[in-house]
């Protein structure tokens, strides 16, 4: 996924102006059509800024990749708009019809389309439905905005050939996207190469034709509540089957314990469905953050609608303090990601958010225990796999080894995690968790939050906290410390350029610790497909991973250290001291890179997100 932009010189070639004029003539959206016409008028007058804007919107095409499409709203083929969505849908329809002709899916092929609460998500979803139906695909359209996990669930539940989710997840407010799933042998997982390239080829072919030539039809099915009802019942059943039991009351452990929970939907679409699941699974009710509980594509209370971002949980902390909450649960706007925070007197806000790696470790440990309990009750051997992405903490490997389960590390993205054979749990450090793969084959913040609530309630019934459980994990598996350093850049191309610079002149040490082994995942055979990821294993057992983001203009650096010497407290102190030293060394390296990039105008800023 990504977009290609080019620098423009002082003049714009006539073909670019002609292309923009042709685009305006076929654009069905009066807002983006007017935007193009106004830009053309400025460009024809020779205004330099307008010429640059014209090139950035029309000189290329928003690339279709394994994350589908994602980009800023606006006119032109390098933006998200009704023309791009219609062309993409027609290209995807052609791909599905080809599959049906080869017998790889049902004939006619079928698709379910969902959408979130972002600006134009409903419009894009209707365009997709009309174009796909016009091409001869059987279409099911959700009746209202909903979470991404619901669409992923629907692909399997309805037995359709494919799914589309119109969402930009946790991206900035003026972004939107088009996410694709496949049914049949893909079992409701996201697309992976070479399928993305095959779909992209069809889209490019379609885009050569006038938009008016694409047939449209209103002959599609608008779903009722049946799919959401099935998601709630299936998810709750899977949760209840896996909850540890209380031998005294023959119910879920901790079910008689009260728990004060604050919940934020981050101006997204997760609130209603999440609370239905919580009730059906017998979990405590939640106190919502009122300003963020309903869908709002403007995201007025957050700069970036992502629970990982500084300040995103400030309102949740405020509400939690007012009700003395014992747990904060936060979803991102399409509810496929989850963050939790708990009381911590040492934190400035009174609460600390668990890192994605910390929660991934605990939920993975919980899944391993669940599998052992299932095996014991059924009289079978425990089995299955725990999986995480290569940039996530290697702590899950230790859990898998302790419980005799398979373990896999995949490339970044749940399209890879969800495809691990015999998967029983998967996660990525960016707050993505798949706790019940038999129900949904993508990260699901709703089912994961229900498991997290149950976990906290079980601990509370014992007079313990998540911090105690993390200490237990440190004693049993060793202490793993992790941090992430992020450079926010002006473009995805700039992030790739920085990564290439490191590849050309790879460091031989960080902070005086030698690099013992370097792996470049662009080399064939290193990963599922070649990937722009650099891995440095250091002589002291630490690890550094560097990659450009696949969805945002960022360069991401992941740091991991480990200690298994001494008590839990000693292990934590040792691993975190090593992490601090490694982070300092990386800051020096990145500062030099950033200064170099600043000189070329590439860099917009940097942040660091260390784990405590």
query = Is at least one residue of segment 448-459 more than 21 Å from the chain's Cα centre (by Cα) and either within 30 Å of residue 530 (Cα to Cα) or in a loop (DSSP other than H, G, I, E, B) (or both)?
reply = no
request  = Identify, by number, the condition in (1) over 22 Å from residue 534 (Cα atoms); (2) modelled with pLDDT under 90; (3) part of a helix (DSSP H, G or I) that residue 604 doesn't meet.
outcome  = (3)
ask   = Out of all the residues in segment 342-350, is one or more modelled with pLDDT of 95 or more and buried (at least 22 other Cβ atoms within 10 Å of the Cβ)?
value = no
key: strands (runs of 3 or more DSSP E) contained entirely in segment 504-556, each with at least 3 residues that are under 20 Å from the mean Cα position of the chain (by Cα) and within 27 Å of residue 491 (Cβ to Cβ)   = 543-548
request  = Determine, yes or no, whether residue 93 is buried (at least 24 other Cβ atoms within 10 Å of the Cβ), farther than 30 Å from residue 294 by Cα and touching a helix residue (DSSP H, G or I) at 6+ places or on another chain (Cβ under 6 Å).
outcome  = yes
inquiry  = Looking at 316, 303, 325, 330 in this structure, which one is outside the structural domain of residue 483 (by TED's automatic domain parsing), in contact with a helix residue (DSSP H, G or I) (Cβ under 9 Å, 6 or more places away or on another chain) and under 30 Å from residue 546 (Cβ atoms)?
reply    = 330
ask   = Would you say residue 232 is under 21 Å from residue 451 (Cβ atoms) and in the same structural domain as residue 327 (by TED's automatic domain parsing)?
value = no
request  = Among the residues of segment 238-251, write down those that are touching a helix residue (DSSP H, G or I) at 6+ places or on another chain (Cβ under 6 Å) and part of a helix (DSSP H, G or I).
outcome  = 239, 242
ask   = Given the structure, is residue 296 surrounded by fewer than 19 Cβ atoms within 10 Å (Cβ to Cβ) and either at pLDDT 95 or above or assigned to a loop (DSSP other than H, G, I, E, B) (or both)?
value = no
request  = Please identify the pairs in which a residue from segment 569-591 that is closer than 29 Å to residue 475 by Cβ has its Cβ atom under 7 Å from the Cβ atom of a residue that is in a helix (DSSP H, G or I), counting only partners at least 6 apart or on another chain.
outcome  = 571/474; 572/474
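For (1) outside any strand (DSSP E or B); (2) within 30 Å of residue 369 (Cβ to Cβ); (3) out of contact with any strand residue (DSSP E or B) (no Cβ under 7 Å at 6 or more places or on another chain), each residue gets a yes or a no:
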{"site": "179", "(1), (2), (3)": "no, no, no"}
{"site": "202", "(1), (2), (3)": "yes, no, yes"}
{"site": "219", "(1), (2), (3)": "yes, no, yes"}
{"site": "230", "(1), (2), (3)": "yes, yes, yes"}
{"site": "236", "(1), (2), (3)": "yes, yes, yes"}
inquiry  = Given the criteria in a loop (DSSP other than H, G, I, E, B), crowded, with 16+ Cβ neighbours inside 10 Å and in contact with a strand residue (DSSP E or B) (Cβ under 9 Å, 6 or more places away or on another chain), does residue 494 qualify?
reply    = no
key: segment 539-550, residues that are buried (at least 21 other Cβ atoms within 10 Å of the Cβ) and farther than 15 Å from residue 485 by Cα   = 542
ask   = Do we find that residue 233 is at pLDDT 95 or above and closer than 23 Å to residue 140 by Cα in this structure?
value = yes
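Residue by residue, here is whether (1) buried (at least 16 other Cβ atoms within 10 Å of the Cβ); (2) farther than 23 Å from residue 169 by Cβ holds:
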{"site": "225", "(1), (2)": "no, yes"}
{"site": "228", "(1), (2)": "yes, no"}
{"site": "236", "(1), (2)": "yes, yes"}
{"site": "241", "(1), (2)": "no, yes"}
{"site": "244", "(1), (2)": "no, yes"}
{"site": "252", "(1), (2)": "yes, yes"}
{"site": "258", "(1), (2)": "no, yes"}
{"site": "264", "(1), (2)": "yes, no"}
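The values are calculated or read from the model by the stated rules, or taken from the named source; none is laboratory data. Since this is a predicted model, take the numbers as computed values, not measurements. As a convention, Cβ positions derive from the backbone with ideal geometry for all residues, glycine included, and neighbour counts pool all protein chains shown.
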